[in-house]
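Asks: Following this message is one structure expressed as structure tokens.
The values are calculated or read from the model by the stated rules, or taken from the named source; none is laboratory data. Keep in mind that what you see is a predicted model, and the values were worked out from it rather than measured. Using ideal geometry, Cβ is built from the backbone for each residue, glycine included, and neighbour counts are taken over all protein chains shown. Areas reflect the complete protein model, heavy atoms only, side chains present, ligands, DNA and RNA absent. Shrake-Rupley method; radii C 1.70, N 1.55, O 1.52, S 1.80 Å.
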Amino acid sequence: MECRINNFLFLRMKEAGFHTISSIIMTTKKNLLAVKGLSEAKVDKVRECAYKISNSSFISGLEVRERRKNLIHITTGSSALDELLGGGIETSSITEVFGEFRSGKTQLAHTLCVTAQLPKSVNGAEGRVAYIDTENCFRPERIVEIAERFELDPEEVLDNILVARAYTSEHQIELLVHIAAKMVEETFGLLIVDSATALFRVDYSGRGELSERQQKLNRFMSQLLKLSEQFNLAVFITNQVMSTPDGSAGMFVVDPKKPVGGHVIAHASTTRIMLRKGRGEQRVAKIYDSPMLAENEATFEVSSGGVIDAKD
Ligand code: GTP
Ligand code: MG
């Protein structure tokens, strides 16, 4: 079978966000049919070729283990927090951090922007970073300070971070297509979405809009997961908490706050970290309903050089 498509179709597919073989495998036939110029016969052929080239069918458990050796754990800047996470933020999966305002979510994200660029020998991913900023909280000045702590050239570190300010949830979803195009060209180690849920809450705030919101959020999360696997990328998202509205969590719950996004976020996130404030600059991270990690806690500190181990 000849697996070749003409230039015109190649461009149409790229425009629609299909840059790689795996992006074709990871989508439905329906989505491919939506690409202008792709007839049903062409779609069938494209899919058949993609499956053939990528050899994507069953593999043995040994091979799965072999592939998992390619996963990288990116350091958070705190050895206690790294240990809690089994070595750091893992690639090919989504790590979610949630907690109240000023609990350190954005500071952790900024630290990772720098550590993801470190050599693999010191728990970096040797890759570029993409930052989707929905709350206008990306601060280059913070990156400079953190880069200096890790003895990296601040200019170079900033140059390696691509920042996009998202204004609506639709825009936030569209940005993933743009970033996928960049990721085909260069190695990225980390994609941050800070915050993943805030714009969805704003755009679908009406009572009757909850199911639509969850549906859209689900699509976004599933695209994030695909990107993470496709490019062996660590996806790091931040999330807010809300008070349990009717007290249904019970009167004796110490902290009745729950992460936003319900089952959609819960299912898509591989690792969930709950943050709370401790004494002074200290923060406490706790693993939240993980199938892999124990529900332990770690204390770290926020400093001018980013996340560090707690001093006492
Ligand atoms: P929201 O986005 O509002 O929900 O909060 P967040 O969880 O993202 O909080 P963020 O990560 O922005 O944490 C802010 C806190 O980090 C501040 O209250 C400070 O305690 C701390 N922080 C920020 N910058 C510095 C710094 O340069 N030095 C030190 N020591 N602490 C800092
Ligand atoms: Mg923040």
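Asks: Answer yes or no: is there a residue in the stretch 201-208 that is on the phi < 0 side of the Ramachandran plot, within 16 Å of ligand 2 (Cβ to nearest atom) and modelled with pLDDT of 90 or more.
Replies: Yes, there is a match, as at least one residue in the stretch 201-208 is on the phi < 0 side of the Ramachandran plot, within 16 Å of ligand 2 (Cβ to nearest atom) and modelled with pLDDT of 90 or more.
Asks: Looking only at the stretch 78-122, filter to residues that are within 16 Å of ligand 1 (Cβ to nearest atom) and acidic (D, E); which one of those is surrounded by the most Cβ atoms within 10 Å (Cβ to Cβ)?
Replies: Only one residue tops the list, namely E96.
Asks: Which ones in the stretch 53-71 are of a type in the set (V, I, T), over 30 Å from K286 (Cα atoms) and not in a loop (DSSP other than H, G, I, E, B)?
Replies: I53
Asks: Could you look through the stretch 160-200, keep only residues that are within 16 Å of ligand 2 (Cβ to nearest atom) and β-branched (V, I, T), and pick out the one that is farthest from N123 (Cα to Cα)?
Replies: Taking the candidates together, the pick is T197.
Asks: Looking at the structure I just gave you, is V157 more than 13 Å from ligand 2 (Cβ to nearest atom), open to solvent by 60 Å² or more (accessible area, probe 1.4 Å) and in contact (Cβ under 8 Å) with a residue 24 or more places away in the chain?
Replies: Criteria not met by V157.
This table checks each residue for (1) open to solvent by 50 Å² or more (accessible area, probe 1.4 Å); (2) farther than 19 Å from V184 by Cβ; (3) assigned by TED's automatic domain parsing to the domain that holds V177.
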| position | (1), (2), (3) |
| --- | --- |
| T20 | no, no, no |
| T28 | yes, yes, no |
| L33 | yes, yes, no |
| L38 | no, yes, no |
| A41 | yes, yes, no |
| K45 | yes, yes, no |
| A50 | no, no, no |
